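Only one structure is covered here, and it is reproduced in the block below.
The values are calculated or read from the model by the stated rules, or taken from the named source; none is laboratory data. Quick caveat, the model's predicted, so the values are computed rather than measured. Quick reminder, even Gly has a Cβ in these numbers, built from the backbone with ideal geometry, and neighbours come from all protein chains shown.
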């Protein structure tokens, strides 16, 4: 068990730092453009929402495929074939998305605004950043491949360097060269190209090239497509559902909207470690399933549960200790102390359940090839229970705290169903036999 702790920690921390820095990028872009007027800020906000959904889809495709590739680790030819197939699938979907953005970006922007100036700014940003998605499709697949081989620190370092380069270039292009939103676009594109080149050079330097088409058949294409699309569909379904729930809570009052603005970044930062841990767990569990080592599979899962609980409880304890400091920091909004306390308490305790579910569902069950169950579980708990309940409570005039409790209940139900699935052992499937 101690060995599993060390492996998971060594892989989780770099990924968590990478996730934290990447999630801060959009916030910094908004900050840099804030002096250039509301149109620039609105445009980057619309563009970021569109880009976020595309990134969720593309990363979901590669993540779902890597549930297969990680199980092929014990045989090099299988690992290379499955990774090659995943790269081709990822690039095909990416090219379709890029074509859609190029020819139909205006229709997407019209969903958010009809103001001509904002539409033009958003279009100019998207047409530059569109090329970045090709880099993302390549990097997400190759990064997963390198993580499976144990090169976690390099992958995270390359990503961190890309994010920092993005911020530096964007800063100078926006502030010193007065390029405005185009400065942010060029910074994003250049950093993506840099990260892709670094990863490609590392493949050449370490002689870890994987391209292998020999032996690929229709059955293998089907399993990669199934896992990739099910995973990406689940990620997008959850992301859209979370957005709707947050919007419903925010719509109850200005104070609720203000509290959601406070809580969302706190929650994102608090969950970074568990997101990193879920990726590390999925790789290690995939390896053990591919090797038909049931004992190691459950040891890794238990170690991951323990680590996520330990770290999350520590973070939540710190957040509770500094509750007064957070309240004083945002006290200018004239929030009532009781409303802040109730809202803050519910949101903070939901982090514990969310972290457990992230590791259990994304890190364990999906890595066993049971992405379909996870998709159904998200749809049931979020779209058939949480969203209708939150909508009805909002219509009945209940405060934002009551709607926030719905999310807490959703996470409880989800964790019970997911843990039952874990105990049943029906989630564990060796997908490497198909290669």
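Look at residue 291 and say whether it is over 26 Å from the mean Cα position of the chain (by Cα), in contact (Cβ under 8 Å) with a residue 40 or more places away in the chain and within 26 Å of residue 59 (Cα to Cα). The answer is yes for residue 291.
Residue 182 meets each of the listed conditions (1) surrounded by fewer than 23 Cβ atoms within 10 Å (Cβ to Cβ); (2) within 23 Å of the chain's Cα centre (by Cα) apart from (2). Screening residue 262 with (1) in contact with a helix residue (DSSP H, G or I) (Cβ under 7 Å, 6 or more places away or on another chain); (2) crowded, with 17+ Cβ neighbours inside 10 Å; (3) more than 12 Å from residue 359 (Cα to Cα) gives one miss only, at (1). Within the range 205-225, if we keep just the residues that are under 27 Å from the mean Cα position of the chain (by Cα) and touching a residue at least 24 places away in the same chain (Cβ under 8 Å), the residue that is surrounded by the fewest Cβ atoms within 10 Å (Cβ to Cβ) turns out to be 211.
Can you find a residue in the range 267-289 that is at pLDDT below 90, surrounded by fewer than 16 Cβ atoms within 10 Å (Cβ to Cβ) and over 22 Å from residue 358 (Cα atoms)? Scanning the range 267-289 turns up no residue that is at pLDDT below 90, surrounded by fewer than 16 Cβ atoms within 10 Å (Cβ to Cβ) and over 22 Å from residue 358 (Cα atoms). Looking across the range 27-81, the residues that are surrounded by fewer than 21 Cβ atoms within 10 Å (Cβ to Cβ), out of contact with any helix residue (DSSP H, G or I) (no Cβ under 6 Å at 6 or more places or on another chain) and within 16 Å of residue 434 (Cα to Cα) come down to 75, 76, 77.
Okay, residues lined up against (1) over 21 Å from residue 170 (Cβ atoms); (2) in contact (Cβ under 8 Å) with a residue 40 or more places away in the chain; (3) within 24 Å of the chain's Cα centre (by Cα):
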residue: 39; (1), (2), (3): no, yes, no
residue: 52; (1), (2), (3): no, yes, yes
residue: 61; (1), (2), (3): yes, yes, yes
residue: 67; (1), (2), (3): yes, yes, yes
residue: 78; (1), (2), (3): yes, yes, no
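Considering the conditions (1) on the phi > 0 side of the Ramachandran plot; (2) surrounded by fewer than 21 Cβ atoms within 10 Å (Cβ to Cβ), residue 123 is excluded by exactly one of them, (1). In the set (1) crowded, with 21+ Cβ neighbours inside 10 Å; (2) modelled with pLDDT under 80; (3) not assigned by TED's automatic domain parsing to the domain that holds residue 146, the condition left unmet by residue 15 is number (2). Whether a residue is under 16 Å from residue 83 (Cα atoms) and surrounded by 19 or more Cβ atoms within 10 Å (Cβ to Cβ) was assessed, and residue 159 does not pass this test.
Can you give me the ranges of the helices (runs of 4 or more DSSP H) entirely in the range 316-399 with at least 3 residues that are outside the structural domain of residue 414 (by TED's automatic domain parsing) and either in contact (Cβ under 8 Å) with a residue 60 or more places away in the chain or under 14 Å from residue 415 (Cα atoms) (or both)? Lay out the reasoning, then the answer.
Values: elements: 323-329, 337-357, 371-378, 387-395.
Those helices (runs of 4 or more DSSP H) do not exist here; none qualify.
Name the one entry in 224, 193 that is modelled with pLDDT of 90 or more, within 23 Å of residue 164 (Cβ to Cβ) and either assigned by TED's automatic domain parsing to the domain that holds residue 378 or touching a helix residue (DSSP H, G or I) at 6+ places or on another chain (Cβ under 9 Å) (or both). Before the answer, list the steps.
On the way: 224 fails: within 23 Å of residue 164 (Cβ to Cβ).
Only one candidate qualifies: 193.
When the range 285-303 is filtered for residues that are touching a helix residue (DSSP H, G or I) at 6+ places or on another chain (Cβ under 6 Å) and farther than 16 Å from residue 366 by Cα, the ones remaining, listed by number, are 296, 299, 303. Only a single item in (1) under 21 Å from the mean Cα position of the chain (by Cα); (2) farther than 18 Å from residue 46 by Cβ is not met by residue 126, and it is number (2).
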